[in-house]
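Have a look at the structure below before the remarks.
Taken together, the values in this text are just the output of simple stated rules run on the coordinates, not laboratory data. Treat the numbers as computed from the prediction; the structure is a model and nothing was measured. Ideal geometry is used to build each Cβ from the backbone, glycine not excepted, and the neighbour counts take in all protein chains shown.
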Amino acid sequence: MHNLKTTLKKVNYFWKRSQVPKQKPIQISRIDKLIIFLICVVISIISSFKILLVPSLQSSVVVAWSVSFFEVLISCSFLILVSRKENPTINSRQILFIISLLLIVQSIKTFFGSVLSPLSIIVPPALIISQGMGTITALAWVSIASLSWPDSIIEINSNLLVITLICSSIVSVFGGKIRNRAQLLQLSIFVPLGALLAQWLLIGNGQTFFVDNKDFFLSNGRIFSDSLLLAMILLITILLIPIFESIFGLLTKARLLELADKEKPLIRRLSIEAPGTFEHTLLICGLAEEATRMIGGDIDLIKTGSLYHDVGKLHAPNWFIENQDGSINPHDEIDDPFISAKVLQAHVDEGLKYAKKNRLPKPIANFIPEHQGTLKMGYFLHKAEEKKLYINESDFRYKGPIPQSKETAILMLADGCEAALRAMDINASDHEALETISKIVNARQIDGQLDDSNLSKGEIYLIKKSFLNVWKRIRHRRIQYPTTKNNTFS
């Protein structure tokens, strides 16, 4: 009875989690929708036209063709729907990429299916999609691409199709989690070896295991040739993934980790020309990463986005307090709140220019404007009010947009809490720290900054707790060690 209650509580919890509003997918232009639809129609025609190649065209043949045609067309629509649900920020280029891969695979299956192994046709595209789009999209693609095989393949051995489906699913699951190129190389070795063993166990039966003729490379019936060809194509695919990343704007785990390298030119410039901003960035990274881990978000994305969120301050580092060495503040010299507000907005505008110049992926560039959202520039707004100037509040708000994802929203909250937590007395209690965090977070909520972020109340609570945990780690005391003329203590 106790186990039943526990199970019901878990089901109820996951049901409530599923009811959190999902992020709205980005809009796709009509011309892009038309192109995508036409490609889907071409895929449906290629997949079903052979049904019409009969001596006499009867009504039953037309019905069979219609069923096959619309089955593939609906499958393509389902694939697009799944990809947009998993990745709300997916753009038309990336949808075209997924559909084009399906078009290529269906064409190869139809015209070259008798000479190429199903393993070599399905598995490599699954790796690309899982890396750039995610596991669920890759699995949906594999399930659709595995339908409608030519008779020449089915006649060879249906077990080969089962092995292909299993290998593709393994690649889809692990490909979405792989975080560096070395792991990709390991996958390109172990999957063909697994396919080789599976074929030997399930097919075997005296199939040729070594090179004996040209069929070694081309025939579906050769166990070793299938696995060798798969390994070769996977290696070529790994070499091509960076090109696909650049052309179609794919953001793989490996790409995120490469961008997070602190020796990257833009990050290196930030550490040299704006050291205070760089130090502030590292502290925010710690807060944001812990909060993202707590709610199950994309840790690699927020880690990289945090590093680049303030690169716009490179355009005028000394205008920001953290980079000033105690000399005269430029804002005090000009004594004009409106110009100062424009300087603050400029660090967002210039940051987007730096992102474009350095070819940062859009999900990373989104952190630059969204971490400020449409927040008030409170200090300079207060200065303008003190001078009794005519004020339009929009002149003292960032242009936005407000955070459109959980990760950018977390960065906004971390950015607001970092300075306040660092300024707290070392003897402050956990309750005082949590109260400070709550005030900042609640102020952002009341101001409507989190409206589009899809953060639930439970997740916001976990974010507050994670910020407190990080603060407790960094507030530790240091012992004042005694020193003598000839000796020091460590």
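Quick notes on this structure:
- Dipole magnitude for the chain: computed about the Cα centre from +1 point charges on Lys and Arg Cβ and -1 point charges on Asp and Glu Cβ, it is near 760 debye.
- Note, ³J(HN,Hα) from phi for the stretch 107-118, Karplus 6.51, -1.76, 1.60, rounded to Hz, x at Gly and Pro: 5, 5, 4, 6, 9, 10, x, 7, 10, 10, 6, x
- Relative to the current alpha-carbon distance between LEU34 and ILE446, full extension at 0.36 nm per residue lengthens the span by 144.2 nm.
- Helical mean residue ellipticity (222 nm; -39500 (n - 2.57) per DSSP H run of 4+; nearest 500) of the chain: -22000 deg cm²/dmol
- Fewest-first sequence of SER100, SER146 by Cβ atoms within 10 Å of each Cβ: SER100, SER146
- Separation of the ALA64 and LYS50 label points, Cα + 7 Å toward Cβ, nm: 1.3 nm
- Applying a 4.7 Å cutoff between beta carbons, the unpaired cysteines of the chain are CYS167, CYS285, CYS417.
- Distance violations [Cα-Cα > 23 Å] among LYS262/LYS357; LYS313/LYS357; LYS313/LYS465; LYS253/LYS406; LYS33/LYS399; LYS439/LYS472: LYS313/LYS465; LYS33/LYS399
- Fully extending the segment from LEU147 to GLU273 would add 39.7 nm, taking 0.36 nm per residue of separation and subtracting the current Cα-Cα distance.
- Pairwise FRET efficiency - GLN183 versus ASP336, Cβ, R0 = 56 Å, nearest 0.05: 0.55
- Between the stretch 100-147 and the stretch 51-90, the alpha-carbon center distance in angstrom: 16 Å
- Here the label points at ARG473 and SER92, each 7 Å from Cα along the C-beta direction, are separated by 4.4 nm in the simple model.
- Using θ = phi - 60° and Karplus 6.51 cos²θ - 1.76 cosθ + 1.60, couplings along the stretch 258-272 (whole Hz; Gly, Pro as x): 5, 5, 7, 5, 6, 8, 4, x, 5, 5, 5, 4, 4, 5, 8
- For GLY249, the amide hydrogen comes within under 5 Å of no other amide hydrogen, counting only partners 5 or more places away or on other chains and with H modelled in the peptide plane.
- Dipole in debye (nearest 20) - the stretch 23-251, about Cα centre, beta carbon charges: Lys, Arg +1; Asp, Glu -1: 700 debye
- As a rough guide to protection, the peptides 302-308, 407-413 ranked by mean Cβ packing within 10 Å, highest first, stand as 407-413, 302-308.
- Listed peptides 432-442, 321-331 appear in the order 432-442, 321-331 once ranked by packing, highest mean of other Cβ atoms within 10 Å at the front.
- The label-point distance for ASN159 and VAL41, in a model that sets each label 7 Å from Cα toward Cβ, rounds to 4.4 nm.
- Burial ordering of TRP200, TRP471, TRP141, TRP65, fewest other beta-carbon atoms within 10 Å first: TRP200, TRP65, TRP471, TRP141
- When the chain is described by a simple charge dipole with +1 on each Lys and Arg Cβ and -1 on each Asp and Glu Cβ, the residue from ILE321, ILE128, LEU96 located farthest towards its positive end is ILE128.
- Under a model in which nothing but the beta-carbon of Lys, Arg (+1) and Asp, Glu (-1) is charged, the stretch 260-474 shows a dipole of about 580 debye around its Cα centre.
- For ARG397, residues with placed amide H under 5 Å, excluding near neighbours: MET377
- A viscosity of 0.692 mPa s and a temperature of 37 °C, combined with the Kirkwood radius over C-alpha pairs in the Stokes-Einstein formula, give the chain a diffusion coefficient of 124 µm²/s.
- The phi torsions of the stretch 180-192, fed into the Karplus equation with coefficients 6.51, -1.76 and 1.60 and a -60° offset, translate into couplings of 7, 5, 4, 5, 5, 5, 4, 5, 5, 9, 6, 5, x Hz, rounded to whole numbers, with Gly and Pro shown as x.
- Taking amide H positions as modeled 1.01 Å from N, with prolines and chain starts lacking one, no residue 5 or more places away or on another chain lies under 5 Å from TRP149.
- Exposure proxy order (Cβ contacts within 10 Å, fewest to most) of SER47, SER168: SER47, SER168
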